[in-house]
There are 2 protein chains.
Amino acid sequence: MRTLYHLWLSPFCRAIRIVLGEKKLEYQMQTENIWDRRQEFLSINPAGEVPVLVESDGSAISGSDVVFEYLEEAYPNISLLPANPLARAETRRLVHWFNLKFNQEVTENLLGEKMMKRFLGLGEPDAAAIRAGYRNLRTHMDYIAYLIERRNWIVGDELSYADIVAASHISALDYIGEMPWEDNELVKTWYARIKSRPSFRPLLGDHIPGAPPPNHYANLDF
Amino acid sequence: MRTLYHLWLSPFCRAIRIVLGEKKLEYQMQTENIWDRRQEFLSINPAGEVPVLVESDGSAISGSDVVFEYLEEAYPNISLLPANPLARAETRRLVHWFNLKFNQEVTENLLGEKMMKRFLGLGEPDAAAIRAGYRNLRTHMDYIAYLIERRNWIVGDELSYADIVAASHISALDYIGEMPWEDNELVKTWYARIKSRPSFRPLLGDHIPGAPPPNHYANLDF
């Protein structure tokens, strides 16, 4: 059986869960507490990070973007990239934008400070970082709205990996109740469309013991 | 004419120069002082980073890995990825390893502290960061040696983008005289092989005003 080593609130792991769902590939999940630096896991991925996908034959693929490109190449029937090389490049540019810039400016400031620090016993959340996170989130939502206004999805007429990556970061923030949905109707409508896809449903069932999501999290009409 | 917006010592730009050379694609170079945050440049790449490749028709592609994947797709005749999806994934895993981990643990601690800080007037180099950079460099050289010992190149029998990325970081460190070649004969032999390729020759001609390279930098027998 295909296995995904993951962490519940990692946007990078969430993106791969959605990709596997869109491609209708079956898998089981295995939570990996990466901070334990388990030897068997490090021998699979020396970087010690999730997601790691292990195929039924034992082949391991590490890192969300690497796993994504692998899945595109190994299971091309349902593709999450446009056909044209320039449009593919634009998709990958936006994927990097969300996985580097959005992650650093928003996800780490909000999810990192409010959730992971408490969870890992790393001390009190940093109020300045949280304020910066809220400020940056508003700018990033405006950018997403700017993209969607001129395109049906983030890169074009079809859902792509860029939508999935953006929605993964947002869904992790939504799980901890930090998405200001009232601020941006366009982004809310786009997210509602992704949220209603069958590939997204497993994420809406997530329920971390001791840290349940707010009521609207799993609600398609939020 | 195809144009590459770049910075001389950026390993990310160096990698794309080598890729363009391997693929025998002509281009001109344009230095972009990204810290000036020039409006025209930001309109091409909102992230404000180099490399950016602009094709003759004006199409712009931003970010080294995105540019690389684009060049693979648009100009597939000479490929720098293996054919098998798992081997391609292994190549991309190592590319991320060097562009994220090596970059953070070595390149930024040595090139960033010793060269860029001085150049940008950001104050004195941090001695602790430099010591960490030297320590990490030794570990990373051991890892490269471990990979090359069992494979002809970093990922297999053929030169791949993983070799190019690793060599780009190392060549930037070599330019500032920070490569302890005497420490690792295997890594030196591998680098000598890359250095002697025609695609690498333009880099050996680099000469930044006010910051010339050491004599051995351009020497194939170093």
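The values are calculated or read from the model by the stated rules, or taken from the named source; none is laboratory data. In this text the structure is predicted, and so the values were computed from the model without any measurement. Quick reminder, even Gly has a Cβ in these numbers, built from the backbone with ideal geometry, and neighbours come from all protein chains shown. Just so you know, the surface numbers come from the protein's heavy atoms only, side chains and all, with ligands and any DNA or RNA stripped out. Shrake-Rupley method; radii C 1.70, N 1.55, O 1.52, S 1.80 Å.
Here are the numbers:
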| read-out | value |
| --- | --- |
| Protein-only accessible surface order, largest first, of B:Ser79, A:Ser64 at 1.4 Å | B:Ser79, A:Ser64 |
| The range A:85-197 - charge dipole about Cα centre, Lys and Arg +1 at Cβ, Asp and Glu -1, debye rounded to 20 | 240 |
| Label-point separation in nm, B:Ala128 to B:Asp57, each point 7 Å along Cα→Cβ | 5.3 |
| Shielding of B:92-99 by partner chains, average beta-carbon count, 10 Å | 4 |
| Copy-to-copy label separations for B:Ala47, where each label sits 7 Å from Cα toward Cβ, in nm and ascending | 1.4 |
| Net +/- balance of residues flanking B:Val187 in space, Cβ distance below 13 Å, scoring K and R +1, D and E -1 | -3 |
| In nm, spacing of pseudo-spin labels at A:Asp36 and B:Gln39 (7 Å Cα→C-beta vector) | 5.6 |
| Per residue accessible area in Å² of the range A:41-152, where ligands, DNA and RNA are left out and the probe is 1.4 Å | 46 |
| Percentage relative contact order, the range A:85-197, counting C-alpha pairs under 8 Å, at least six apart | 30 |
| Förster-model FRET efficiency, 51 Å R0, B:Glu158 and A:Leu220, C-beta, rounded to 0.05 | 0.55 |
| Chains A and B, summed buried accessible surface - 1.4 Å probe, Å², nearest 100 | 1900 |
| Cut-off 11 Å between beta-carbons: net charge of the residues surrounding B:Asp65, Lys and Arg +1, Asp and Glu -1 | -1 |
| Helix-only CD estimate at 222 nm, as mean residue ellipticity for chain A, using -39500 (n - 2.57) per DSSP H run (n ≥ 4) | -13000 deg cm²/dmol |
| Contact order normalised by residue count of the range A:1-110, Cα under 8 Å, 6+ apart, percent | 26 |
| Cα-based Rg of chain B normalised by 2.2 N^0.38 Å, two decimals | 0.99 |
| Distance between the range B:93-109 and the range B:129-153 - C-alpha centres, whole angstrom | 11 |
| Calculated Rg and Dmax of the range B:85-197 using C-alpha coordinates, Å | 14.4, 46 |
| Contact order normalised by residue count of chain B, Cα under 8 Å, 6+ apart, percent | 22 |
| Rounded percent of accessible protein surface that carbon and sulfur make up, the range B:85-197, 1.4 Å probe | 50 |
| Residue-averaged beta-carbon neighbours from other chains (10 angstrom radius) around B:55-66 | 4 |
